[in-house]
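Undergrad: Submitted below is the structure of interest, expressed as structure tokens.
The values are calculated or read from the model by the stated rules, or taken from the named source; none is laboratory data. Predicted, not measured: the structure shown is a model, and the values here were computed from it. Note that we place each Cβ from the backbone using ideal geometry, even for glycine, and neighbour counts take in every protein chain shown. Remember, those area values only see protein heavy atoms, side chains included, never the ligands or the DNA or RNA. Shrake-Rupley method; radii C 1.70, N 1.55, O 1.52, S 1.80 Å.
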Amino acid sequence: MLPSGAGHRRPVALALRTLGGLTTEEIARAFLVPVATLAQRLVRAKKKIRDAGIPYSVPEPADLPGRLEAVMAVAYLIFTEGHAATHGDAPIRADLCAEAIRLARLLVRLFPEASEARGLLALLLLTDARRQARLDAGGDVVPLEEQDRSRWDRAQIEEGAALLEGVLRDGALGAYALQAAIAAVHARAGRAEDTAWGEIAALYSMLAQVRPSPVVELNRAIAVAMADGADYGLPLLDALEARGELVEYHLLSAARGDLFRRAGRFAEAAVSYRRAISLGGNEAERRFLERRLREVSEAVVAASEARSSSRPLRPLGRKEHTGV
């Protein structure tokens with residue numbers, strides 16, 4: 001999800017490239033645009049700066065509040081890339097996560113009255129708290145519902161929850177605070193089956209009002225499916241897919257595969273998992289999706305064999321009887 005407003009996209013993209021060190025491909029994924037489109041935007045932004053002779057300088061204190069939203073977006077998107085790398089063998093880049101959290105802490109110190117800065121830091125802490133449980137010993141992805149929650153960082157959860165509580169007392173629920181509230185619902189569930197998915201779906205609905213995004217709608221559909229059943233979430237994914245905004249987004253196909261799997265529609269799940277694998281992701285994600293694909297493919301074969309073994313014998317026709 002792009003957390004910044006449309007007017008901040010170009011400076012945010014340039015900051016991510018020149019200061020954050022992210023690649024053009026990584027930034028393009030964050031903005032849900034083709035790589036070529038993002039590359040052209042960066043070229044135009046650099047040309048504008050060069051032609052206008054705009055210097056790189058520290059802004060005056062009076063100008064800082066106006067830059068806050070863009071800087072928060074940079075920190076958020078650096079963390080997003082660290083939390084789930086676009087490509088490569090390392091699905092989690094802890095260095096990027098740590099740098100994003102450092103920047104968020106700095107923003108809270110510089111703008112102690114800015115509730116969204118505290119909401120951002122709460123979100124990053126609550127999300128990063130799950131990092132140690134997200135991969136197994138072999139570096140493979142462990143889905144949220146299968147994670148060993150004793151490995152979650154309780155100190156980070158407590159700090160993030162305290163920050164969020166302060167934001168809630170202020171009564172200002174921005175996009176970062178709402179996402180932090182969603183992360184907090186997961187954090188307080190001692191077991192996966194205790195997760196208040198209905199509350200999460202409601203929070204995503206609120207988030208869609210504050211900061212509309214197709215990725216927010218994707219996550220809301222998943223939450224609805226987890227709360228009410230896959231048959232309630234799949235139509236929401238169908239509608240989202242029909243709009244075409246996430247047609248190249250591998251996590252949409254992965255989500256469809258998961259909901260089909262949960263609904264016992266294994267052949268359709270296999271189609272969606274193959275699509276997700278073809279669209280990319282890092283190596284750990286790819287291995288996880290390939291494992292899911294094998295599971296549903298085996299289920300398709302098992303179901304076919306079960307139908308064959310239970311099918312009654314067809315009576316022979318007159319011409320097939322011997323001795324007639």
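Undergrad: Across region 244-270, which residue is nearest to residue 303 (Cα to Cα) among those that are of a type in the set (Asp, Glu) and surrounded by fewer than 19 Cβ atoms within 10 Å (Cβ to Cβ)?
TA: For region 244-270, the residue satisfying everything is 268.
Undergrad: Tally time: how many residues in region 222-243 are open to solvent by less than 30 Å² (accessible area, probe 1.4 Å) and within 19 Å of the chain's Cα centre (by Cα)?
TA: So the count comes out to 8.
Undergrad: Could I ask something else about it? Just a yes or no: is a residue in region 222-232 touching a Phe, Trp or Tyr at 6+ places or on another chain (Cβ under 9 Å), farther than 20 Å from residue 192 by Cβ and either at pLDDT below 95 or not small (Gly, Ala, Ser) (or both)?
TA: Looking through region 222-232, none of the residues is touching a Phe, Trp or Tyr at 6+ places or on another chain (Cβ under 9 Å), farther than 20 Å from residue 192 by Cβ and either at pLDDT below 95 or not small (Gly, Ala, Ser) (or both).
Undergrad: For region 190-203, does any single residue satisfy the condition of being more than 18 Å from the chain's Cα centre (by Cα), of a type in the set (Lys, Arg) and assigned to a helix (DSSP H, G or I)?
TA: No, every residue in region 190-203 fails to be more than 18 Å from the chain's Cα centre (by Cα), of a type in the set (Lys, Arg) and assigned to a helix (DSSP H, G or I).
Undergrad: Pick out the one residue from 209, 179 that is over 30 Å from residue 264 (Cβ atoms), open to solvent by 40 Å² or more (accessible area, probe 1.4 Å) and under 20 Å from the mean Cα position of the chain (by Cα).
TA: 209
Undergrad: Run down 45, 62 and say which single residue is at pLDDT below 85, in contact with a Lys or Arg (Cβ under 6 Å, 6 or more places away or on another chain) and either open to solvent by 40 Å² or more (accessible area, probe 1.4 Å) or closer than 20 Å to residue 16 by Cβ (or both).
TA: 45
Undergrad: Does region 138-155 include one or more residues that are at pLDDT below 95, of a type in the set (Gly, Ala, Ser) and closer than 22 Å to residue 15 by Cα?
TA: No: region 138-155 contains no residue that is at pLDDT below 95, of a type in the set (Gly, Ala, Ser) and closer than 22 Å to residue 15 by Cα.
Undergrad: Specify which of the listed residues (161, 172, 208, 183) is assigned to a loop (DSSP other than H, G, I, E, B) and more than 22 Å from residue 262 (Cα to Cα).
TA: Only one candidate passes the filter, namely 172.
Undergrad: OK, next. Any residue in region 294-306 that's part of a helix (DSSP H, G or I): show its pairings with residues that are surrounded by fewer than 13 Cβ atoms within 10 Å (Cβ to Cβ) at Cβ separation under 8 Å, as long as the two are six or more apart or on different chains.
TA: No pair meets every condition.
Undergrad: Got a number for residues in region 103-141 being buried (at least 19 other Cβ atoms within 10 Å of the Cβ) and of a type in the set (S, T, N, Q)?
TA: 2
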